[in-house]
Structures are given as structure tokens and as C-alpha cells.
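Working notes for the structure below.
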Amino acid sequence: MKKYLLFAVLFVLVLSACGSTAVADPPADLAAGPLELGPSVDVATVNAIKDRDDVLLIDVREQWEYDEKHIPNITLIPLGDIPARMSELPADKEIIITCRSGNRSGQATEFLRQQGFENVHNMEGGIVAWEAAGNPVD
């Protein structure tokens, strides 16, 4: 029974992450003031706010993927490590999660929101969209 319940929970998480296509409109003033971000944000918004003191970028890909290329100054916490490392996530910052295409980061965002985090957002399109927009990678 536990096996089926676990499968059902994982299935719902995957479906919710795959079905989440709403992208929040970029805030009018990204340089200052409080951010009002939706559950998902586009790469243009992330690029505009990534250097703010109240924003933390997290990459949930595996180490080898991160080593190939990553957004400069992003923190790596692989998806499988998220549950054990939730205590590292600051409550006083907006947390933007990314991966390769937005699927794993969507799962991480959904999981963290279910755990009570309201300051967590998925970057739509992942590093694929980041690069396609001409943004830098290391």
C-alpha cells in the first residue's frame, strides 16, 4: 500500500510540474522595492533580479551537469538533496530554482511550497532558456 501511495504522490508532483506553464509578468521596478513574483518566473525577470541581496538562485541539476555549465554565482543543491537541505533555504529571500529545462525545478518548487515555503519560484525553461536568451554561463 505504501508503494502505491508513494507512486501516486510522485505522479501528482510530476503532473503538476509539467502542467505549470504560467509565467509571472516581470515586476515594473526590478531594481528596488519588494518583489511580487508568481510561482514561475521567466529568464528575463531572473536576469534582472539575480544580483539583488534578497534573491537566491538554486540549481537542482546533478554535479556533472552543473560542471558542464551553470548560471554564474548560482548555488547547487541537486533535486534529490532538497529534502535534507531545506534548513539551508533562507526565509528572508526570494528563492528561484532552475534546472536544465524547468521540469526538475518545477518539482522542487512544488515540493517546497507543499512544505510551507512561499518564497520559492521556478525559472521557466531552465538553463536552456537562459542560454537561448543570450545570458552568460560559466
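The values are calculated or read from the model by the stated rules, or taken from the named source; none is laboratory data. Not measured: the values here are computed from a predicted model. Here the Cβ positions follow ideal geometry from the backbone for every residue, glycine too, while neighbour counts run over all protein chains shown.
Hey, among Leu37, Leu56, which residue is under 16 Å from the mean Cα position of the chain (by Cα) and modelled with pLDDT of 95 or more?
Within the list Leu37, Leu56, the selection yields Leu56.
For the range 114-132, what are the residues that are in a strand (DSSP E or B) and in contact with a Lys or Arg (Cβ under 8 Å, 6 or more places away or on another chain)? The one that is in a strand (DSSP E or B) and in contact with a Lys or Arg (Cβ under 8 Å, 6 or more places away or on another chain): Val120.
Counting only residues that are on the phi > 0 side of the Ramachandran plot and assigned to a helix (DSSP H, G or I), the range 51-105 holds 0 of them. When the range 85-101 is filtered for residues that are under 11 Å from the mean Cα position of the chain (by Cα) and within 26 Å of Glu36 (Cβ to Cβ), the ones remaining, listed by number, are Glu94, Ile95, Ile96, Ile97, Thr98, Cys99, Ser101.
Would you confirm whether any residue within the range 67-84 is crowded, with 22+ Cβ neighbours inside 10 Å and either within 11 Å of the chain's Cα centre (by Cα) or at pLDDT 95 or above (or both)? Yes.
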